[in-house]
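See structure below.
Please treat every number below as a calculation from the coordinates, not as lab data. Quick caveat: nothing in here was measured; it's all calculated off a predicted structure. Glycine also receives a Cβ, built like all others from the backbone with ideal geometry; neighbour counts cover every protein chain displayed.
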Amino acid sequence: MHAHHQTHRRRNRVAQWPACQHPRSSTPKLLSSTPAEGVEGASPEKIELHFSENLVTQFSGAKLLMTEMAGMAHAPMPVKAKVSGGTDPKTMFIIPTSPLTTGTYKVEWRAVSSDTHPITGNIIFKVK
């Protein structure tokens, strides 16, 4: 019984640990995107990613890949696109150089804010 009580206390301490993280560490999180994850619609003129922190543009970036063409899965193919920051330092734009054809697309992004810790993720959307 006594040993069980000790284990319980130790487990509690571990569970509380993340709350004591340094308040200055600001890791960017993807808050929203246009088009949103999983959306099916017309070819977007640009893809917008909105993050929770200001991005360091020279270390942040994104790749646009086509993962499926009209129902046929294939190896991801890079799509030519220009990546740029916006007037809002929390926003990243991916602008395809030509309209996207029907298929499934994936944006693989990498966001680095002032804490210099890179965060990566992706969104998938479909063009009809």
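The stretch between GLU37 and SER98 holds 19.8 nm of extra length on full extension. This uses 0.36 nm per residue minus the Cα-Cα distance.
Pull up the cross-link candidates among the aspartates and glutamates for LYS90, meaning alpha carbon to alpha carbon under 16 Å and not fewer than 8 places away within one chain. Cα-Cα hits under 16 Å: GLU48, GLU53, ASP115.
Evaluate the Debye formula for the range 25-127 with equal point scatterers sitting on the alpha carbons, no solvent, and hand back log10 of I(q)/I(0) at q = 0.11 Å⁻¹, in q order, two decimals. Cα-only, vacuum Debye calculation for the range 25-127: -0.31. Extending 7 Å from the Cα toward the beta-carbon at both LYS126 and GLU45 defines two label points whose distance is 2.6 nm. From least to most packed, judged by other beta carbons within 10 angstrom and beginning with the fewest, LYS128, LYS90 follow the order LYS128, LYS90. Checking every one of the GluC sites (Glu not before Pro) in the range 41-98 against DSSP loop status and a limit of 10 other Cβ atoms within 10 Å picks out GLU45.
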